[in-house]
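Step one of this worksheet: look at the structure below.
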Amino acid sequence: MTAPVELRCPQCGAPLAMEDVNVAADVILCRSCNCTGKFSDLVREKNDEEILETLPCRMKVMKTPRGLEVTYRKSKAIGFFFLFFALFWNGFLCVFLFSSSGKERAGSLIEQLFFIPFILVGIGVLAGAVYALFGRMTLTLNPGRGELFRGVGDMGRRQKFLLAKDARITIEDSSMRQNDRVLHKIVVEQPGGKPFQFGTGIAEDEAQQYVAALLRQMRD
């Protein structure tokens with residue numbers, strides 16, 4: 001016979017009596033500190049402890065003077081695929097443009113405008129290859145706040161967000177798709193404002209769950 005799971009108050013750590021846990025109403029009551037909370041949040045916190053025991057692949061966690069840094073890097077295989085495609089696309093485009101340069105109509109404005117989308121695609125794919133090979137996503141976390149960096153080296157975009165004590169941090173479906181698969185995002189509720197959303201570039205579900213669990217641990 002399996003022993004019942006002991007539930008403890010998230011505020012004071014005192015054991016919770018089963019009669020003070022209402023699963024249907026999603027409410028818990030701690031008679032030691034007289035506080036109430038959600039049963040679903042308590043269960044999620046216990047699951048978070050199990051998730052944080054194993055560090056997912058392509059992730060690194062380290063303590064720095066700026067805070068706890070969590071770094072995620074994409075698979076190199078994806079980067080090499082984009083690089084090969086970029087070289088093929090841009091090489092073919094260069095040959096085509098060079099072969100057309102001697103034609104009488106090559107200098108027309110219409111033809112120049114026609115090639116702009118193809119050139120932009122080549123630049124975009126090459127940039128994606130560089131990011132996949134050398135880029136990183138780094139979260140710098142401190143109690144109650146965080147900063148997200150996405151870029152290569154020190155060049156990139158930084159976004160700050162809050163980790164309020166009661167903020168909901170969930171993994172939800174995004175509007176983006178990849179190979180007929182809906183990409184998920186991490187949603188961090190912000191006090192009185194638009195939720196902070198990121199994480200569609202994290203390919204592995206376990207890595208997203210790890211980041212979300214760590215964010216919930218850093219709420220203050």
Fill in the blank from the handout: Log entry, pairs with first residue in segment 187-200 being within 21 Å of residue 150 (Cβ to Cβ) and without any contact (Cβ under 8 Å) to a residue 24 or more places away in the chain, second being among the charged types (D, E, K, R) and loosely packed, with under 13 Cβ neighbours inside 10 Å, beta carbons closer than 7 Å, six or more apart or on different chains, reads 187/172
Problem - Failed criterion for residue 211 (all others in (1) buried (at least 16 other Cβ atoms within 10 Å of the Cβ); (2) in contact with a Ser or Thr (Cβ under 8 Å, 6 or more places away or on another chain); (3) touching a residue at least 60 places away in the same chain (Cβ under 8 Å) hold) - result: (2)
Practice task
Check 57, 12 and return the single one that is modelled with pLDDT under 80, assigned to a loop (DSSP other than H, G, I, E, B) and not aromatic (Phe, Trp, Tyr).
Solution key: 12
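Being surrounded by 15 or more Cβ atoms within 10 Å (Cβ to Cβ) and either modelled with pLDDT under 75 or aromatic (Phe, Trp, Tyr) (or both) is the requirement here; does residue 77 meet it?
Answer is no for this residue.
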Completion exercise
Filtering segment 169-196 down to residues that are within 18 Å of residue 207 (Cα to Cα), of a type in the set (S, T, N, Q) and surrounded by 11 or more Cβ atoms within 10 Å (Cβ to Cβ) yields 170, 174
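When residues of segment 116-172 are filtered for being among the polar types (S, T, N, Q) and touching a Gly at 6+ places or on another chain (Cβ under 6 Å), how many remain?
Step one: filter segment 116-172 for residues among the polar types (S, T, N, Q), giving 138, 140, 142, 159, 170.
Pick out the ones that are also touching a Gly at 6+ places or on another chain (Cβ under 6 Å) and you get 140, 142.
Final tally of qualifying residues: 2.
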Practice task
Examine segment 145-153 for a residue that is surrounded by 17 or more Cβ atoms within 10 Å (Cβ to Cβ), in contact with a Pro (Cβ under 8 Å, 6 or more places away or on another chain) and within 17 Å of residue 62 (Cα to Cα), and state whether such a residue exists.
Solution key: no
Completion exercise
The residue that is nearest to residue 48 (Cα to Cα), considering only those in segment 131-189 that are of a type in the set (Asp, Glu) and touching a strand residue (DSSP E or B) at 6+ places or on another chain (Cβ under 6 Å), is 172
Practice task
Scan (1) within 30 Å of residue 61 (Cβ to Cβ); (2) at pLDDT 75 or above; (3) crowded, with 16+ Cβ neighbours inside 10 Å for the single condition residue 86 breaks and write down its number.
Solution key: (1)
Handout entry: Enumeration of residues in segment 168-220 that are farther than 23 Å from residue 73 by Cβ and among the small types (Gly, Ala, Ser)
Key = 175, 192, 193
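The values are calculated or read from the model by the stated rules, or taken from the named source; none is laboratory data. Computed from a predicted structure; not experimentally measured. Positions of Cβ are backbone-derived with ideal geometry, glycine not excepted, and every protein chain shown enters the neighbour counts.
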